Amino acid sequence: MPSLDLKLGLAAGSYVGLLVAFATGLLVDASVFDPTVQATGLLACLLVGGVFAYRPTLAAPVVERHVLSAVLALHVAGILALLAVAGTDEATGAHPLVFPFIVSAAVGLVAFVLLRDRHVETVFGGEVASVSWYGGPHDRTVRRMRIVAILAGVTVVGAPLVGFAVIPHRASWIESTRAWALLAEVGPTIIGGVLGASIGTFLVTDRDRRFTVYDGGIVVQTGRSGLRSRLPWWYIRGYELTARELVVHTWFPLQAYRFDRAHFEQPDRVADILAEYVPESEATWL
């Protein structure tokens, strides 16, 4: 059984299993921590996951019709609505299914990433690649990324400390607002996430990737996990060939895919092929 099908089975199984657990909890009026609810969810996870893992053709309609994208969008909308209601109703906010429902969105996001890997294979599996290369950024770029990671880590830790120490003294009324209470609740999560990303960027800055150019877009494959994602051409702002690197710029600030020219052969030929799809672009941050 290919590892991709196994990942697909785990993603779909865990996602469906969690939703089944929620439905069971609502039917029997119990939380998802109830043994009966957990057993039902685990059984659904194993059954659905096993079917998807051993019958990968079942995934084709899911990825081709973007069913998972629609489900993920519904999850995000549902969470926003739930948080809006919970913000004004303490009973709703204390319901035992609130936290598990938010967890289910995280499971759905993981499933989206894993199934997207299969989606790329479905879309580009039969096409011929224009060019492909593998590599990571130049040492100078790595140093700059580490500087930015340090600045982000210092800012995300220092700014809240200064803000929570100064703002209440300057504007005491702000402490009685709901926005301030929500900020105090989600603040540690945001700080931890940014700090973790900063530490990860500082420690793992090689970011080796494989880029494959097709007529329909670019496929990016990470060197460590092997997961692939698709970048459509409308998302690519352009390319840049410098003395040190070949850079693929996107429309999102700070997101640029950089490759040391010494990491792959014939960078000029690769740049010429990219010129057929996107224009030559100027430098951006990082």
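The values are calculated or read from the model by the stated rules, or taken from the named source; none is laboratory data. Predicted model, so just to flag it, every value in this text is computed and none were measured. So basically every Cβ, Gly included, is an ideal-geometry build from the backbone, and we count neighbours across all protein chains shown. The protein model used for the area step is the full one, side chains on, heavy atoms only, and it has no ligands, DNA or RNA in it. Shrake-Rupley method; radii C 1.70, N 1.55, O 1.52, S 1.80 Å.
A compact table of results
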{"item": "A181-A39 pseudo-label distance in nm [points 7 Å out on the Cα-to-Cβ vector]", "result": "4.0"}
{"item": "Net +/- balance of residues flanking A262 in space, Cβ distance below 11 Å, scoring K and R +1, D and E -1", "result": "-2"}
{"item": "Nitroxide proxy distance, nm - points 7 Å out along Cα→Cβ at T57 and I273", "result": "3.3"}
{"item": "Accessible carbon and sulfur surface of region 153-230 relative to its total accessible area, %, 1.4 Å", "result": "65"}
{"item": "q = 0.11, 0.15 Å⁻¹: log10 I(q)/I(0) that the Debye formula gives for region 141-286, counting C-alpha atoms only", "result": "-0.58, -0.86"}
{"item": "Cβ-derived FRET efficiency at R0 30 Å, D208 paired with V128, nearest 0.05", "result": "0.80"}
{"item": "Burial ranking of peptide ranges 209-219, 148-158 (average Cβ count within 10 Å, highest at the top)", "result": "209-219, 148-158"}
